Amino acid sequence: MPDIRIFVSCHKESHVPENRLLYKIRLGADRDGMPLPDTLRDNTGDNISGKNRSYCELTAQYWVWKNVEADYYGFFHYRRYLNFIKEYPAAGKVKGHKAAPYIFCESNKRDLSVFGLEEDGMAALIEKYDIVTVLPERSSSTAYEQYCQFHKKSDIDRMLEILKKKYPEAAEAAKEYMASKNLYFMNMYIMGKPFFTQYMEWLFPLLEEFEAETDFTGYSEQEYRVCAYLAERLFAIWYTIRKKTGIRCCELPYVFFDDTEPETVMKPVFREDSVNLVAASDEAFSPYLAIMLQSVLVHAGKGRCYDIVILHSELTPDTQKKVAALAAGKPEISIRFCSVRDKIRGIDFPVHHHFSKETFYRYFILDVMADYKKVLYLDADMIATHDVGELFDADVGGYYAAAVKDMDVIGAYKAERDTERYLEKQLGLDRPLEYFQAGVLLLNLELLRRELSVGKLVEKTLEYKWRMVDQDVLNLFFQGRVKFLEQRYNVLMNWKYAGHSREERMSRAPAELWEEYKRARKEPYLIHYAGAWKPWNTPDCDYAGEFWREARKSPFYERILYENLSGRSGNTACEDGRRVFVLRPTKIKIKVDMKKLNRFLPVGSRRRRFVRTICRGFL
């Protein structure tokens, strides 16, 4: 096989598939000096890395030209790869094809054989041709009109004059292409060495002369990329000339990959006795996540290090920056973010009521934190009043996890025949009175990795629409392997409506457990706002004062007020003893007398579940 090297231009850390033909190269490495692991740099040897602001991906092409020996040279972008499944030989005039010039794909971490991105197949196609490039995109405007529409007209006019003066033999091809409506973009191609060398020797003198004749004063950030934009048109002109000489040319569609984030495996930041804390959140819940973390850090033990990892699939960079700022100036605190977006792709997690798909992200701790022995997982709707390091220090040797018994579910099990049947028959628990609340979990990752897997958890999750979603699944797998913690480490808030309350149900739990819960309420270590009632949608709910004291100190405080005053957060609350539902998408509020509703639709009855299923899409 000839020496084929295709360089994937990256300006940030990105995933590049394992393929011996592909080489990652860092663009503009001279501008910020930030190295990327296992990545070539465009600022070594003979280079123009400092011109990346104007030249973009061309700084990589220049570097390869000057510093790399190969038989074939190719260039992709970190999001854009040629699609090798079907080839379109090209000859004669520039013309369009019926095939779509590009397609979209969610991730480049999937099986890429569907795009022909396999070494042997790629090499076989490349060897057949002198030049391989993208299919042209059909436009309603000519190449000249299209450039003037989106870029500075004076730039293309100047470049065409330079081209005519420097290479008069290219004038006819330039005229032909600039009048064409079949446009070549992306600066993506693969060429044999003689043609690559010819093109580089032809292209860069043009760009250098353009730079020398151009005053860039007043150019915007986008306008500064002019040399890269011009190079797209210059390549098309050069390619038009070469095709007419009868050389072997091929055009391919390209694939645009949305997710190219690198595979994430979190490494411990501190020594072994650090407190390893994990939470999960979506963008909407991020203010409450931040308040939970803030309360944890306020009570952090002196001399301890806290290694905090947030699992997510959609947190914006701005939100991540605000949350990470909680650790500013505190070298003993680390807050990092781990995207599980690629891991959840294609999994239709069943959620209902107030649950969200983020509740399942804790499954993936087993994979993304492979070098950790033990972690403490906390739900985001909590407030800490003591140092969670004390909880983290608990010995979980021989257990899958340490957790607190779920007073709410155990009370329902004792009081409701329907819940009893569900836990024993449907879920198949041998010890229903040991059902635990999964909002606080001290996980023994070493043991879990040996005996369980993410795949097993997901498989069981998808078998049935479990009432308490992943919490039910964890209880099924963990039964008999849980060390039980005192109730103070996960004190469930007491909701109240229409004469009913959570405490009413919890009081049906075994007497000693009920007494323990009542004692824990007097000095809770972790307050859990589990369920639909939250301080932000029911401001006077149980333990609301503790939440608002922390919230007022948070940079998200104003956002919380705005989103809840405008009705953008949540869809249930409680007013005047009646429950308030917000109908989507109208935002119309309806108040329901739950006492009357419970009379006609008893809790746990089939009729209630049937009505709930019908109404779920509107709430």
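The values are calculated or read from the model by the stated rules, or taken from the named source; none is laboratory data. As the structure is a prediction and not an experimental result, all values here were calculated from the model. Note that we place each Cβ from the backbone using ideal geometry, even for glycine, and neighbour counts take in every protein chain shown. What goes into the accessible areas is simple: the full protein's heavy atoms, side chains included, and nothing from ligands, DNA or RNA. Shrake-Rupley method; radii C 1.70, N 1.55, O 1.52, S 1.80 Å.
By the scheme Lys and Arg +1, Asp and Glu -1, what is the net charge of all other residues having a beta-carbon under 11 Å from that of Ala143? That sum, taken over residues with Cβ under 11 Å, equals -1.
For a straight C-alpha distance cut-off of 14 angstrom, the aspartates and glutamates reachable from Lys24 (same-chain residues fewer than eight places away being disregarded) are Glu13, Asp38, Asp42, Glu57, Glu261. The stretch 192-225: which GluC sites (Glu not before Pro) are DSSP loop and have at most 16 other beta-carbon atoms within 10 angstrom? When the GluC sites (Glu not before Pro) of the stretch 192-225 are filtered for loop state and at most 16 Cβ neighbours within 10 Å, Glu221 remain. For the stretch 229-243, putting each phi into the Karplus relation 6.51 cos²θ - 1.76 cosθ + 1.60 with θ = phi - 60° gives couplings of 5, 5, 4, 4, 6, 5, 4, 4, 5, 4, 5, 4, 5, 5, 4 Hz, in residue order, rounded to whole numbers and with x for Gly and Pro.
Ser453 contributes an accessible area of around 50 Å² to the protein surface, as traced by a 1.4 Å probe with all chains present.
From largest accessible area down, sort Val298, Val473; use a 1.4 Å probe on the protein chains.
Result of the area sort, largest leading: Val298, Val473.
Taking every protein chain into account, the accessible area of the chain amounts to 45 square angstrom per residue (probe 1.4 Å). Each residue was assigned an accessible area with a 1.4 Å probe, and for Thr419 the value is about 10 Å². If you take all other residues with their beta carbon under 13 Å from the beta carbon of Arg521, and give Lys and Arg +1 and Asp and Glu -1, the sum is -2.
Accessible area of the stretch 423-527 with a 1.4 Å probe: how many percent of it is carbon plus sulfur?
45
In straight Cα distance, which aspartates and glutamates are under 19 Å from Lys181, not counting same-chain residues fewer than 8 positions off? Once the sequence-local aspartates and glutamates are set aside, what remains near Lys181 is Glu137, Glu145, Asp157, Glu172, Glu232, Glu251. For the stretch 118-191, trypsin sites (Lys or Arg not before Pro) meeting the loop criterion (DSSP other than H, G, I, E, B) and having at most 10 other Cβ atoms within 10 Å: none.
Relative to the longest principal axis of the Cα atoms of the chain, helix 58-67 runs at roughly 60 degrees. Positive end of the dipole of the stretch 31-168 (Cβ unit charges, origin at the Cα centre): among Pro136, Trp65, Thr39, the Cα lying farthest that way belongs to Pro136. Straight-distance candidates among the lysines for linking to Lys66, with alpha-carbon spacing under 16 Å and chain neighbours fewer than 8 residues away dropped: Lys51, Lys193. Checking every one of the chymotrypsin sites (Phe, Trp or Tyr not before Pro) in the stretch 196-300 against DSSP loop status and a limit of 14 other Cβ atoms within 10 Å picks out Phe216.
Give me the net charge for the shell around Tyr224: Cβ to Cβ below 15 angstrom, other residues only, Lys and Arg +1, Asp and Glu -1. In short, -1.
Placing unit charges on each Cβ (+1 for Lys and Arg, -1 for Asp and Glu) gives the chain a dipole about its Cα centre, and among Gly121, Phe556, Gly411 the Cα reaching farthest toward its positive end belongs to Gly411. Extents of the stretch 20-159, largest first, come to 45, 43, 31 Å (Cα atoms, principal axes, whole angstrom).
About its Cα centre, the chain has a charge dipole of approximately 2400 debye under the convention of +1 per Lys or Arg Cβ and -1 per Asp or Glu Cβ, with nothing else charged. What number, in percent, do you get for the relative contact order of the stretch 1-45 if the mean sequence gap of Cα pairs under 8 Å and at least 6 apart is divided by its residue count? Computed value for the stretch 1-45: 33 percent relative contact order. Residue pairs exceeding 20 angstrom between C-alpha atoms, taken from Lys267/Lys343; Lys330/Lys374; Lys357/Lys456; Lys267/Lys460; Lys343/Lys456; Lys175/Lys243: Lys330/Lys374; Lys267/Lys460. Kirkwood hydrodynamic radius computed over the stretch 247-305 comes to 16.4 Å, based on all pairs of distinct alpha carbons.
Using Cα-Cα distances under 8 Å and only pairs 6 or more residues apart, what relative contact order does the stretch 33-186 have, in percent?
The value is 20 percent.
The accessible surface of the stretch 99-161, taken with every protein chain in place and a 1.4 Å probe, is 49 percent carbon and sulfur. The helix-only estimate of mean residue ellipticity at 222 nm for the chain, built from DSSP H runs of length n ≥ 4 each weighted as -39500 (n - 2.57), is -10000 deg cm²/dmol after division by the residue total.
Based on Cα contacts under 8 Å between residues 6+ apart, the chain shows a relative contact order of 11 percent. Relative to the longest principal Cα axis of the chain, at what angle does helix 511-522 sit, 0 to 90 degrees, rounded to 10? On a 0 to 90 degree scale, this one is about 60.
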